[in-house]
Amino acid sequence: MTVAAYYSSRLEASARPRSLLQRNLNLIRELSVTAFKLKDTGSAPGYVWSLVKPLMLLGIVVVIPILLSVATVVVGFLVYTKLTPRFAESL
């Protein structure tokens, strides 16, 4: 509720977004801000955790596939070269 609506007897609607995408983005933003404010309000560790947890999840989603692809290439190289003692000595 806006300040104008609080002090007047008549409620005024806010301007409606023009596109469906803009409405959905506004809804996501409002829900995110509300959830962030309600969760762990007033505690510093809660605030830090609210920022760190999504970053950790992003790191897991991005870093693990990269590590798996690198491991796949290394294992494929080792299997292809058959890593014999003769090959290991040439390194």
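Every read-out reported here was derived from the displayed coordinates using simple, explicitly stated rules and does not represent laboratory data. Model, not experiment: these values are computed from the prediction. Cβ: placed from backbone, ideal geometry, glycine included. Neighbour counts: every protein chain shown.
At an R0 of 35 angstrom, the distance between the Cβ atoms of V74 and L51 translates into a FRET efficiency of 0.55. Counted residue by residue at 0.36 nm each, then reduced by the alpha carbon distance between them, the extension gain from L38 to R16 reaches 5.3 nm.
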